[in-house]
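Q: Take a look at this one; I'll ask things after.
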Amino acid sequence: MLTEKDFIATSYSSIESANFEWSAPSNIALVKYWGKKENQIPANPSISFTLNNCKTITKLDVVKQLENNSFSFDLLFEGKPKEDFKPKIQKFFERIEKYCPFLKEYHFKIDTQNTFPHSSGIASSASGMAALAMNIMSLEKAINPTITDDYFYSKASFLARLGSGSACRSVQGGVVVWGNHAEINGSSDLFGVEFSEIHFNFKNYQDTILLVDKGEKQVSSTLGHDLMHHHPYAERRFAQAHENLSSIKTILSTGNIAEFIKIVESEALTLHAMMMTSMPYFILMKPNTLEIINKIWKFRNETQIPVCFTLDAGANVHVLYPENVSEKALQFIKDELVGYCQNGQYICDQIGIGAKSN
């Protein structure tokens, strides 16, 4: 099992310049993580679908510096300088310097863009930090060609986690577990691992994301996580997550969609219940979020078509369903749900393959 010390780069050469480009997708947690310890360690394990279309595409140009006493980088977002992102990148570099001591030797030009709205509850920090971590690992591979592919991806996930916890689940594809869990071999608090025992029913699962509110969240996920430290229901919630992960592990292996729906919807509502019962309390759902949930319940009861929902830390609704009911599910979404979206906007997505080099 890899430890933190294993991720400290000790043997590497130097290069004059290089450029890399990676895309990394967002992900949607089925069993949620909410609350974390020091150094971005999760208070409970989580499991997620890696998405395909909602992704961040990041180019990294690297040039050797003469002086190496500080981090040096320029940041472009969608082709334009983005000063308000820079403190987050600075903090990220500070956190990972121990593991990538070569960072100050180079000047970086980071050029990044999303295929979906930033800060709207589609985990843009997850895809963004995962894409940046993949580029940094490409640099490490260039200066130390001996590292293996397994190490490359594990360390990329490890680094991504230090930028945004859930980013560690955006490196690998399919279904990813993050957090130590007694029943999942190789699971770790330090990085995400792919969960491969997936029944055919869950292959190519669909996720239509309804953009209820594309604005920035009133309360950031970072603040929300911190509020779990003194939360009256925190310990029971953490235990529940372990229990639900045990259950969903079996469900994903056996293909039981009815039980999948129960856990996924319960987890979504539990996440928001934690927000509503923290101090200070807050609500990220909007009235249209609730309208959509009720419409989904009504549709599923009347048709027996296995459409369900999950929520991230925001107002948007992820509508999940198997590929074999796509036609009916999409017709329902267009007829009854799109009217609750901001400007009628939604994104059709599905399980993807994880980060890839462009």
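Q: Enter the angle in degrees (range 0 to 90, nearest 10) between the Cα long axis of helix 257-276 and the first principal axis of the Cα atoms of the chain, meaning the one along which they spread out most.
A: Long axis of 257-276 versus the principal axis of the chain: about 70 degrees.
Q: Between 288, 44, 19, which gets the highest mean-square fluctuation from a Gaussian network model of the chain, Cα cutoff 10 Å?
A: Largest GNM mean-square fluctuation: 19.
Q: Using θ = phi - 60° and the Karplus relation 6.51 cos²θ - 1.76 cosθ + 1.60, list the HN-Hα couplings for segment 100-111 in order, rounded to whole Hz, with x at every Gly or Pro.
A: Karplus values, whole Hz, x for Gly and Pro: 10, x, 7, 4, 6, 7, 10, 9, 10, 10, 9, 10.
Q: Grab the DSSP H runs of the chain that are 4 residues or longer, score each as -39,500 (n - 2.57), total them, divide by all residues and round the 222 nm result to the nearest 500 deg cm²/dmol.
A: -10500 deg cm²/dmol
Q: Ranked highest first by average number of other Cβ atoms within 10 Å, how do 93-101, 143-151, 208-216 line up?
A: Going from most to least packed, we get 208-216, 93-101, 143-151.
Q: Please list, or write none, the aspartates and glutamates whose alpha carbon is within less than 18 Å of the alpha carbon of residue 328, excluding same-chain residues fewer than 8 places away.
A: 207, 302, 336, 349
Q: Classify segment 1-147: rounded, prolate or oblate, from the alpha-carbon gyration tensor (a ≥ b ≥ c, eigenvalue square roots; a/c under 1.5 rounded; otherwise prolate if a/b is larger than b/c)?
A: Here segment 1-147 falls in the oblate category.
Q: Can I ask one more? Assuming a ≥ b ≥ c are the square roots of the Cα gyration tensor eigenvalues, decide whether segment 1-70 counts as rounded (a/c under 1.5), prolate (otherwise, with a/b larger than b/c) or oblate.
A: Judged from the Cα gyration tensor, segment 1-70 comes out oblate (a/c at least 1.5, b/c at or above a/b).
Q: Something else: Rounding to the nearest 10 and keeping the result within 0 to 90°, find how far the Cα-based axis of helix 86-96 lies from the longest principal axis of the chain.
A: 70 degrees
Q: While we're looking at this one, here's another question. Determine which residues of segment 4-37 fall in the zone a paramagnetic label at residue 324 would reach in this model, i.e. backbone nitrogen under 11 Å from the point 7 Å along Cα→Cβ.
A: none
Q: Among 140, 21, what's the order by accessible area (1.4 angstrom probe), most exposed first? List each step's numbers first, then the result.
A: On the way: 140 5, 21 50 Å².
Reading off the accessible areas and sorting them downward yields 21, 140.
Q: Whole number in Å², please: accessible area per residue of the chain, 1.4 Å probe, ligands, DNA and RNA not counted.
A: 43 Å²
Q: Which entry in (i) 23.1; (ii) 20.8; (iii) 21.6 matches Kirkwood radius over Cα pairs in Å derived from the coordinates of this structure?
A: Structure-derived value, by its label: (ii).
Q: What do you get for the angle between helix 124-143 and the principal long axis of the chain? Use alpha-carbon atoms, 0 to 90 degrees, nearest ten.
A: Once rounded, the angle reads 30 degrees.
Q: When the accessible area of segment 67-110 is split by element with a 1.4 Å probe, what percent falls to carbon and sulfur?
A: After summing per-atom areas, the C and S share lands at 46 percent.
Q: So which of 80/217; 104/214; 82/298; 141/217 end up more than 32 Å apart by C-alpha?
A: On the way: 80/217 23 Å; 104/214 36 Å; 82/298 44 Å; 141/217 37 Å.
In this structure, 104/214; 82/298; 141/217 exceed 32 Å between Cα atoms.
Q: Oh, and also: Taking all protein chains together and a probe of 1.4 Å, list 190, 159 from the most accessible to the least accessible. Numbers along the way, then the final one.
A: On the way: 190 25, 159 0 Å².
The residues order as 190, 159, largest area first.
Q: Still on this structure, please answer the following. Between residue 282 and residue 14, what FRET efficiency follows from the Cβ-Cβ distance if R0 is 35 Å, with the result rounded to 0.05?
A: 0.15
Q: So which aspartates and glutamates pass the test for residue 5, namely a Cα distance under 19 Å, with those fewer than 8 places away in the same chain ruled out?
A: Filter leaves 38, 94, 97, 140, 149, 150, 189.
Q: At 1.4 Å probe size, with the rest of the protein present, what percent of the exposed accessible area of segment 215-358 is carbon and sulfur atoms? Provide the component values of the computation, followed by the final result.
A: Values: 3700 of 7080 Å².
Here carbon and sulfur together make up 52 percent of the probe-accessible area.
Q: Rounded, prolate or oblate, given the Cα gyration tensor of segment 81-214, with a/c below 1.5 counting as rounded?
A: Since a/c reaches 1.5 but b/c is at least a/b, the shape of segment 81-214 is classed as oblate.
Q: Which ³J(HN,Hα) values in Hz, rounded to whole numbers, follow from the phi angles of segment 148-153 under the Karplus curve 6.51 cos²θ - 1.76 cosθ + 1.60, where θ = phi - 60° and Gly and Pro get x?
A: Values per residue, Gly and Pro as x: 7, 4, 4, 5, 3, 6 Hz.
Q: Related question: So, R0 is 22 Å and r is the distance between the beta-carbons of residue 203 and residue 297; what FRET efficiency does that work out to, to 0.05?
A: 0.30
Q: Which net charge results for the neighbourhood of residue 272, defined as the other residues with beta-carbon distances under 11 angstrom from its beta-carbon, given Lys and Arg at +1 and Asp and Glu at -1?
A: On the way: positive: 32; negative: 267, 312.
My count for the surroundings of residue 272 gives -1.
The values are calculated or read from the model by the stated rules, or taken from the named source; none is laboratory data. Predicted, not measured: the structure shown is a model, and the values here were computed from it. Methodologically, a virtual Cβ is constructed for each residue, glycine included, from the backbone with ideal geometry; neighbour enumeration extends over all protein chains shown. Accessible surface is based on the protein model in full, side chains and every heavy atom, while ligands, DNA and RNA are left aside. Shrake-Rupley method; radii C 1.70, N 1.55, O 1.52, S 1.80 Å.
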